[in-house]
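Below: the structure, in C-alpha cells.
The values are calculated or read from the model by the stated rules, or taken from the named source; none is laboratory data. Since the structure is predicted, the reported quantities are computational estimates derived from the model, not experimental observations. Please note: Cβ atoms are built from the backbone with ideal geometry, for glycine as well, and neighbour counts cover all protein chains shown.
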C-alpha cells in the first residue's frame, strides 16, 4: 500500500506517519518546500514530494502511482474548502483508489470556518467514486499542550471563553491510528466517523484532572480574546479571525461531543483519556 500523505510535517497530522509505517505502508509525504523533505524523511517517510494545495496539477503529479491519500486541511484559510476539493480532484485524476480525510466533528456548524470549510470536501468525496473514509475528530488534546508552560509555571490554565462551558476532546494519536486503519484495510471504507474520548468537561473539571496529575492545585482562568491573542503571540490575519469566531461560539455553546463508542470500536480499546495525556505532559516536562 502506497500512501500520499498531506500534513506529514504538521503539528498534528505527523502522528499518522508512524501509524502507517507500523502497518507496512510506503509513505510519500507531500511538503510545501524542499526544506521540509529532510524533516519528513527523518520522521520515516519513504519519499517526499513538493506540492502546492493551490496548484491542482502539482497535486495530481504528487498522487501519481499511489493507492491512497491521507488529507488534512490547513485550518482557517479563506480558501480551505477549495484546497481540500482540489486534493480530491487530483486523487481522482491520478487514479487513486482510497482517500481518508481528517475532517472535524460537526462540520454543519456554519458559523465557524474551520468547520464549514470541511463540508464541501466531504461532499466532493461522497461524489468522487473513491473508497473514502471521513474522520470527524473533536478538539485535539494536543492543543492543551500549547498552554502547558502556563500550567507548570503559573499553576493556571486560561482560555478566552467561560470556565463553565463544556468541551469534548480526543488525542490525535488515536485519530492517526484510525486513519492508518482506514488506509491499510477495508474496515472503514465508505464510513463517516465521529471520534472522541469519553465525556465532556468544563475548565474547572479539566484543571481538577491536571491538579490530580501534578499533585498541586491548577486554577482555571477566563481571559479576553485580546489577552489570549497577546499571550499566544498570534498576528492579525485569517487564522486569528477564525480563532476569534471559534472561541465566540464556544462561549455560547461549548464544544459538544464526547461519545466514544465509535472510536472505541475502531481501535478495539479504550481511547486515550485526558488524564493519560496530562500524565505524559508531566513526564515529558520533568515536573
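Side notes on the structure shown:
- Criterion (touching a strand residue (DSSP E or B) at 6+ places or on another chain (Cβ under 9 Å) and without any contact (Cβ under 8 Å) to a residue 60 or more places away in the chain) met by exactly one of 66, 88, 151: 88
- Condition check for residue 272: assigned to a helix (DSSP H, G or I) and either surrounded by 13 or more Cβ atoms within 10 Å (Cβ to Cβ) or modelled with pLDDT of 95 or more (or both): no
- Within region 24-35, no residue that is at negative phi and at pLDDT below 95 sits with its Cβ atom under 9 Å from a residue that is in a loop (DSSP other than H, G, I, E, B) and exposed (fewer than 14 other Cβ atoms within 10 Å of the Cβ) at 6+ positions apart or across chains.
Matching residues to (1) farther than 19 Å from residue 275 by Cβ; (2) in a loop (DSSP other than H, G, I, E, B):
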| position | (1), (2) |
| --- | --- |
| 148 | no, no |
| 153 | yes, no |
| 158 | yes, no |
| 162 | yes, yes |
| 165 | yes, yes |
| 181 | yes, no |
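- Residues that are surrounded by fewer than 16 Cβ atoms within 10 Å (Cβ to Cβ) and within 24 Å of the chain's Cα centre (by Cα) within region 152-167 comprise just one, 162.
- Criterion applied to 191, 237, 257 was being in contact (Cβ under 8 Å) with a residue 12 or more places away in the chain, farther than 30 Å from residue 67 by Cα and within 22 Å of the chain's Cα centre (by Cα), and the one residue passing it is 257.
- Residue count for region 194-222, restricted to those that are assigned to a loop (DSSP other than H, G, I, E, B), surrounded by 19 or more Cβ atoms within 10 Å (Cβ to Cβ) and within 22 Å of the chain's Cα centre (by Cα): 2
- Total residues in region 60-117 satisfying the condition of being more than 26 Å from residue 242 (Cβ to Cβ) and part of a loop (DSSP other than H, G, I, E, B): the figure is 8.
- Remark: residue 102 matches the filter, which requires a residue to be farther than 18 Å from residue 209 by Cβ and within 15 Å of the chain's Cα centre (by Cα).
- Within region 104-115, the residues that satisfy the criterion of being free of Cβ contacts under 8 Å to residues at least 40 places away in the same chain and either under 20 Å from residue 185 (Cα atoms) or surrounded by fewer than 17 Cβ atoms within 10 Å (Cβ to Cβ) (or both) are 108, 110.
- Answer residue from region 133-151, given it is under 30 Å from residue 96 (Cα atoms) and within 10 Å of the chain's Cα centre (by Cα) and is surrounded by the fewest Cβ atoms within 10 Å (Cβ to Cβ) among those: 140
- Filtered residues of region 1-30 (kept if in contact with a helix residue (DSSP H, G or I) (Cβ under 6 Å, 6 or more places away or on another chain) and outside any helix (DSSP H, G or I)): 1, 3, 4, 7, 8, 9, 12, 23, 25, 27, 29, 30
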